[in-house]
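This report refers to the structure that appears directly beneath it.
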Amino acid sequence: MTENEDSTADGSTETQPEPGPEAAAVDVDLTTLSSTMIYAEVYNMMAAPEQYIGKTVKMRGQYTSSYYEETQQYYHFVVIADAAACCQQGMEFVWNGDHAYPGDYPADGTVIEVAGVFGSYEELGETYYHLTVDEITVCNGP
């Protein structure tokens, strides 16, 4: 019997479908937390990133982009506000595939949801942290 087969009552086997990307395990699901807890968890991700490297993180917030002249690149972020909406924390993400800005990206301020693997990269002598995502989902509300 293979990994995707289960025994039935009559002794035959039944093949189960391969789990799709939507079934991928999420290690840190920020979409289920209160706004205060989300903000605290994202802060922890930036304060102690080594604890999150390689974990799959799911989050929802406002999309924003930023152009940095020195690298001549656009950077993309999910921005999360705390409960009082006085403080914000942004998480950079990189969208896998061949996506061109601005045409393939949502407008700044659009509420999006992403899930991706937390990782790091080096640029201009600094270490930066981001999510590598396969999909951006535009949400209807917060």
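A few comments on the model shown:
- Taking amide H as placed 1.01 Å from N in the peptide plane, the amide H of Val94 sits under 5 Å from that of Leu131, Thr132, Val133, each at least 5 places away or on another chain.
- Summed side-chain charge close to Gly116 - residues other than Gly116 whose Cβ falls under 12 Å, Lys, Arg +1, Asp, Glu -1: -3
- Basic side chains Lys and Arg get +1 at the Cβ, acidic Asp and Glu get -1 at the Cβ, and with that the dipole of the stretch 95-142 about its Cα centre reaches some 140 debye.
- Remark: His76, His99 ranked as His99, His76, counting other beta-carbon atoms within 10 Å and listing the fewest first.
- Cα gyration tensor shape of the stretch 50-142, rounded if a/c is under 1.5, else prolate or oblate by comparing a/b with b/c: rounded
- Label-to-label distance, Cys86 versus Glu126, with points set 7 angstrom from Cα along the beta-carbon direction: 2.7 nm.
- The alpha carbon centroids of the stretch 50-71 and the stretch 94-127 are separated by 6 Å.
- Taking the fewest neighbouring Cβ atoms within 10 Å as the starting point, the ordered list for Cys86, Cys139 is Cys86, Cys139.
- Separation of the His99 and Asn44 label points, Cα + 7 Å toward Cβ, nm: 2.7
- Each of Met45, Met37, Met59 has some number of other Cβ atoms within 10 Å of its Cβ, and from fewest to most they run Met37, Met45, Met59.
- Summing Lys and Arg as +1 and Asp and Glu as -1 over all other residues whose Cβ lies under 12 Å from the Cβ of Thr64 gives a net charge of -2.
Since every read-out is calculated from the coordinates, none of them should be taken as a lab result. As the structure is a prediction and not an experimental result, all values here were calculated from the model. All Cβ positions, even for glycine, are placed from backbone atoms using ideal geometry, and neighbour counts span all protein chains on display.
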